[in-house]
1. Across the range 176-200, what is the total count of residues that are assigned to a helix (DSSP H, G or I) and either in the same structural domain as V248 (by TED's automatic domain parsing) or surrounded by 17 or more Cβ atoms within 10 Å (Cβ to Cβ) (or both)?
2. Does A97 meet the test of being farther than 24 Å from A268 by Cα and touching a Lys or Arg at 6+ places or on another chain (Cβ under 8 Å)?
3. Write out, first by first residue and then by second, each pair whose Cβ atoms fall under 7 Å of each other, whose residues are 6+ apart or on separate chains, and whose first residue, in the range 294-319, is closer than 25 Å to V244 by Cβ while the second is of a type in the set (S, T, N, Q) and outside any helix (DSSP H, G or I).
4. Criterion first (crowded, with 18+ Cβ neighbours inside 10 Å, of a type outside the set (D, E, K, R) and assigned to a loop (DSSP other than H, G, I, E, B)) does L52 satisfy it?
5. If the requirement is being modelled with pLDDT under 95 and over 16 Å from V59 (Cα atoms), which of these qualifies: P211, P255?
Amino acid sequence: MTVDSTSAPKVTVADGARAWRDLQAAVAEAVVGGDDALRLLAIAVLAEGHALIEDVPGVGKTLLARAFARALDLDFGRVQGTPDLLPSDVTGTSILAPATSMTEGGLTLRFVPGPVFTNVLLVDEINRATPRTQSALLEAMQERQVSIEGETRPLPDPFIVLATQNPIEYEGTFSLPEAQLDRFLVRIRIGYPDRAAEARIAGRYQAERDPLERVGAVIDRATLLGLRDATRQVHVSPELTNHVVAIVAATRTRPDIELGASPRASVALFRAAQARALLDGRDFVLPDDIRLSAPAVLVHRLRLGVDSALHGLTLEGVFAETLAGVPVPVGTSSRAGRDQPR
């Protein structure tokens, strides 16, 4: 289902903070913990981006994605990444079918949409799909459309890809190319729960069959589109815009990093900071919005040099040092210049 963004209700900054609290409460009915991961999912959808959920099996990646879609009342589609998955299994194909009218003859070609025609597309174990099939998602993720047999078909709005992969299993997998990774706004790690949370998880599944059934819709499509529009209006001062660019540029000059972040990464970090501010109930960005978002937005776009990897360095550690070396702008008042023309 597509909602015209022009009909989206006007929302306020307070609506952003309220929506975040409602989303937390709804998803918590099925998912124990995971607020940091959920916040990044919310940032991705408000910033019109996509999310790569990378973690070991069994930590609730699929459950989080499904609960997220239910709480936002969005249509949900799922694709299981396998080596024999074809691009048409994702995007759709045309089949011969009986004509619907006498003037069309006996048979006609009818397009059958693939699972990509939805609001939230979960691509489970994306790295088990072949590069050819992975590439079928590039146009959808960037342009919100698919081109099939010479015809371009728009995707529903909103549209977000949530892809999962196991970072420790390599047999039978295909690494995501840089062009694909660069289209994910954020990379999310869930991590293992603490003992108390794990005990609650076990107890919950003892008491009921599927906790997901308890998740109700708390934000409708129209409101979500209104929140997305409000995110674009969150003010970012010129000093903080330059700070975004400085952080991204620092990844290109670090000797340990073979491939730095692209200009698309600067836009992604800018938009993620706006979304984080809105979820906190602010219509202006603070330096912390940028710096807290930076690891999730940038690290998966970088490539560590071979020598650095051999010396035991990690992308996370190298980026943390890089970020620490970029000074925070002095005198960036919270509301400085907020009412100036943009």
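1. 1
2. yes
3. R301/S262
4. Criteria not met by L52.
5. Step by step, each of P211, P255 is checked, and only P255 is modelled with pLDDT under 95 and over 16 Å from V59 (Cα atoms).
Residue by residue, here is whether (1) assigned to a helix (DSSP H, G or I); (2) touching a residue at least 24 places away in the same chain (Cβ under 8 Å); (3) not assigned by TED's automatic domain parsing to the domain that holds F184 holds:
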| residue | (1), (2), (3) |
| --- | --- |
| I247 | yes, yes, yes |
| R252 | yes, no, yes |
| S266 | yes, no, yes |
| A272 | yes, yes, yes |
| L278 | yes, yes, yes |
| R282 | no, yes, yes |
| R291 | yes, yes, yes |
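Results for (1) closer than 17 Å to D84 by Cβ; (2) in contact with a helix residue (DSSP H, G or I) (Cβ under 9 Å, 6 or more places away or on another chain); (3) at pLDDT below 95, shown as yes or no for each residue.
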position	(1), (2), (3)
E104	no, no, yes
R110	no, no, yes
P113	no, yes, yes
N127	yes, yes, yes
S135	yes, yes, yes
V146	no, yes, yes
G150	no, no, yes
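Conditions (1) farther than 20 Å from E316 by Cβ; (2) within 21 Å of the chain's Cα centre (by Cα), marked per residue:
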position: P156; (1), (2): yes, yes
position: F159; (1), (2): yes, yes
position: G172; (1), (2): yes, no
position: A179; (1), (2): yes, yes
position: G191; (1), (2): no, yes
position: A196; (1), (2): yes, no
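The values are calculated or read from the model by the stated rules, or taken from the named source; none is laboratory data. Worth saying up front: this structure is predicted, and the values here are computed from it rather than measured. Reconstructed Cβ throughout: ideal geometry from the backbone, glycine too, with neighbour counts over all protein chains shown.
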